[in-house]
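Enquirer: Below is a structure I'd like to ask you about.
Each reported figure results from applying straightforward, stated rules to the coordinates on display, with no laboratory input. The shown structure was predicted, so the numbers you read here are calculated from the model rather than taken from an experiment. Counting neighbours? That spans all protein chains shown, and the Cβs are built from the backbone with ideal geometry, glycine included.
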């Protein structure tokens, strides 16, 4: 193993910690840009509680609401402009992954003269990795992306229908204020997509990381087993606060780097999914659910032993003399059945995505993510033909 | 779960990363206090490589060598005095847990007018939790304590034969420069003690933490399983770099907070062991090995289900209709046998400690660590009589 890791984000976890928002923000500055989504935080009461805490601490507030489920660069531009115009010194993200991702890039864009789409690598002026951002506080209302405690963000461009990733140390939130009660109003389908999203974060590094990372393997398995134990409870009863807590903590541990440190893993399934949800406004977790099992069957061909390990450690599937591939495939079938059991789509059709644009998704994926060899990094690296094959078998 | 967590340390992990020491220190200041132990780093060549890298980067060096295996407050005073006198701006710890712990407290003591023993809670002037320290860079030469990436330190006082703990955010190293090659010269016995130490870090939180932490449970099990898989290989062949890597990464993940976050766990076995190694210069890991199985048998009486889970998940021991306690005890027996198999002492006698001072160890433990109720915190909390009983059965 050769790697470097640092995650400076402070996490404050627990029910009713939202009441500490004002105190947390006051350490950072007197005026906040409050970033929210489509209105669910207003219906749930989270917005009122956040504003009350900020006001009680004497924090002035400017707002950027209406961030889309797949957040658009146009919203980032709007939020950054508001932050600059209003003289905000802090950015507070109150919402799901899309709100947190957009808020992070707004915070960097507020400190950058150029077009923020440059930060995603597809602007007119070449790639600009941000080095400076307003301090960020995340208050997640959905357990899924882990964005509250990492340095990444995914943003879409409506015009080019491209969806791209930015990651930079300045995007680590100063504080993640994680109150699992805020997720109790999330409906069952979105809860399930979040469970799939968090599991996929660790399957990516489990199956695509370097060899020789046994601690990270065990950590990944721990996240998956916990999500499979508690996820169905959160889906079945959204008021089950213990289930909400465990799923949320699993979602954070899944992508704050603790599982991935040292694995140097690309995220091919995510890259393919981004190209789909750039065209269709489907939940990212639903898109992942539709394609991950198909990708697994594809990847198992070149590395059946890894998928047999997954089958054994996650589902207790024995190899039993029938060969690694048979055990591998049984593990993937069981994983797919689990996704279906909590209401996740396990095909593109079930996710509401037709097959007409499959070639285009593959092209977009490579346009955004191709490595120096023109391939999508992963184990194995994928050609356009490979991506098309995986998507066809996911129909 | 209710908790707060932040670990800002950057880790740079990999063989030959020691060559980056100068570059890393240069970011922090022009003159370093280089803290070392009894000479093994000079014999192994690590010292020469560190000095070469520092000199090549133009870093001036002042030295504090001779830090004891159970580091003494007198050494901390000496190092802090050198740092102040020489105008050091950075503290570099090159050694095992004792060197790193001493260096951390030196870094804080260099910024503090009072006696550093106050920071350990037992000075004349009442407890002083440090709030400021020179920046610290750790370069571990032993895989054991995890001190390279956490904010804790354990220091002994020869006069009072007390050993105490300090933990404060300012003690987080800026960078942990972890080069597993540096551990290849560690002899088999010390390697085994390190394996026991790292495993005990996670058994403490596994058995003494709050209920309802399934992710943390799985992470703890992952560290134990990895240490049990790779530890014996590192003991058997010190030149096995892969084994050295895996054991070292496990030792860091065992105590950088990733396993413990949210468990709010006291460390009773550590507190008892500290009282023993304050009187006898035995390796901390050896002391832990001598008493942990006895403590487990004691604690299993009040919580057999937890120890049965350990037996099942670590050793695949089925409950099999004979009751939780039988399975629990089989798991503990197997754990004890594992420790013995790698050459760790599983009794005080084997660790070279007689039974004469057992009452005193128990008294010292409570003197240092008693909670408001006069008990040693843990599950269950322990009276002096309980501690004596555990130590008697560990003879």
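Enquirer: Report, to the nearest 10°, how far helix A:46-56 tilts away from the longest principal axis of the Cα atoms in chain A, using its own Cα long axis and a range of 0 to 90°.
Expert: It is inclined by approximately 40 degrees.
Enquirer: Right, next: Would you work out the relative contact order for chain B, in percent, from Cα pairs under 8 angstrom that are 6 or more residues apart?
Expert: Relative contact order here is 15 percent.
Enquirer: Any idea what the residue B:16 label distances to the other copies are, label 7 Å down the Cα→Cβ vector, nm, shortest first?
Expert: Here the equivalent label points are 5.6 nm apart from this one.
Enquirer: Which value in nm describes the separation of the simple spin-label points at residue A:159 and residue B:211, placed 7 Å from the Cα toward the beta carbon?
Expert: 5.8 nm
Enquirer: In nm, give the distance between the simple-model label positions of residue A:2 and residue B:373, each being 7 Å from the Cα along the Cα-to-Cβ direction.
Expert: Placing both labels 7 Å along Cα→Cβ, they lie 5.3 nm apart.
Enquirer: Quick check: pseudo-label points 7 Å beyond the Cα along Cα→Cβ at residue B:384 and residue B:167, how many nm apart are they?
Expert: Those two pseudo-labels are separated by 2.7 nm.
Enquirer: GNM, chain B, Cα, under 10 Å: largest mean-square fluctuation among B:276, B:241, B:73?
Expert: B:241
Enquirer: I've got another one for you. Roughly how tilted is helix B:384-393, in degrees to the nearest 10 and between 0 and 90, from the longest Cα axis of chain B?
Expert: Helix B:384-393 sits at roughly 80 degrees to that axis.
Enquirer: Further question: Applying 1/(1 + (r/R0)^6) with R0 = 41 Å to the Cβ-Cβ distance of residue B:48 and residue B:132, what FRET efficiency is obtained, to the nearest 0.05?
Expert: 0.80
Enquirer: Where is the GNM fluctuation largest for chain B (alpha-carbon springs, 10 angstrom cutoff): B:323, B:79, B:352?
Expert: B:323
Enquirer: So what's the gap between the Cα centers of region A:117-173 and region B:291-363, to the nearest angstrom?
Expert: Each part's Cα centre sits 49 Å from the other's.
Enquirer: Please state, as a whole number in µm²/s, the translational diffusion coefficient that the Stokes-Einstein equation yields for the protein assembly as shown at 10 °C and 1.306 mPa s, with Rh defined as the Kirkwood radius across alpha carbon pairs. Before the final figure, lay out each step's value.
Expert: Values: Rh = 27.4 Å.
Approximately 58 µm²/s, per Stokes-Einstein.
Enquirer: Report the gain in length on full extension from residue A:334 to residue A:125: 0.36 nm times residue separation, minus Cα-Cα distance, nm rounded to one decimal.
Expert: Taking 0.36 nm per residue and subtracting the Cα distance, the gain is 70.6 nm.
Enquirer: Using 19 Å as the cut-off for backbone N distance, which residues of region B:28-46 belong to the label zone defined by a point 7 Å from the Cα of residue B:81 along Cα→Cβ?
Expert: Only B:33-37 fall inside the zone, counting backbone N under 19 Å.
Enquirer: Is it possible to state the helix-based mean residue ellipticity at 222 nm for chain B, with each DSSP H run of 4+ residues giving -39500 (n - 2.57), the sum divided by total residues, to the nearest 500 deg cm²/dmol? What is it? Don't skip to the answer; put the middle values down first.
Expert: Numbers: 14 runs with 185 residues, N = 395.
My calculation for chain B gives -15000 deg cm²/dmol from helical runs alone.
Enquirer: Nearest 10 degrees is fine. How inclined is helix B:241-253 to the longest principal axis of chain B, computing both from alpha carbons?
Expert: 80 degrees
Enquirer: Right, something else. What is the fewest-to-most order of B:18, A:314, B:387 by other Cβ atoms lying within 10 Å of their Cβ?
Expert: A:314, B:18, B:387
Enquirer: Relative contact order for region B:10-183: what percent, with Cα pairs under 8 Å and sequence separation of 6 or more?
Expert: 27 percent
Enquirer: Between residue A:281 and residue A:61, what FRET efficiency follows from the Cβ-Cβ distance if R0 is 30 Å, with the result rounded to 0.05?
Expert: After rounding, the FRET efficiency stands at 0.60.
Enquirer: Shifting gears a bit: List the distances, in nm to one decimal, from the label point of residue B:350 to the label points of the same position in every other copy, shortest first, placing each label point 7 Å from Cα along the Cα-to-Cβ direction.
Expert: Here residue B:350 shows inter-copy label distances of 5.3 nm.
Enquirer: Nm distances between the label at residue B:43 and the same-position labels in the remaining copies, 7 Å along Cα→Cβ, shortest first?
Expert: Reported distances to equivalent positions: 7.0 nm.
Enquirer: Right, next: Relative contact order for region B:46-123: what percent, with Cα pairs under 8 Å and sequence separation of 6 or more?
Expert: On the way: 65 pairs, mean separation 22.8, N = 78.
Reported as a whole number, the value is 29 percent.
Enquirer: In whole Å, how far is the Cα centre of region B:32-110 from that of region B:240-284?
Expert: 22 Å
Enquirer: Which one of A:280, A:201, A:270 has the biggest mean-square fluctuation once chain A is modelled by GNM with Cα springs under 10 Å?
Expert: The residue with the greatest mean-square fluctuation here is A:280.
Enquirer: State the percent of C-alpha pairs, over all pairs in chain B, separated by a distance greater than 27 angstrom. Before the final figure, lay out each step's value.
Expert: Working: 36241 of 77815 pairs.
Percent of Cα pairs beyond 27 Å in chain B: 47.
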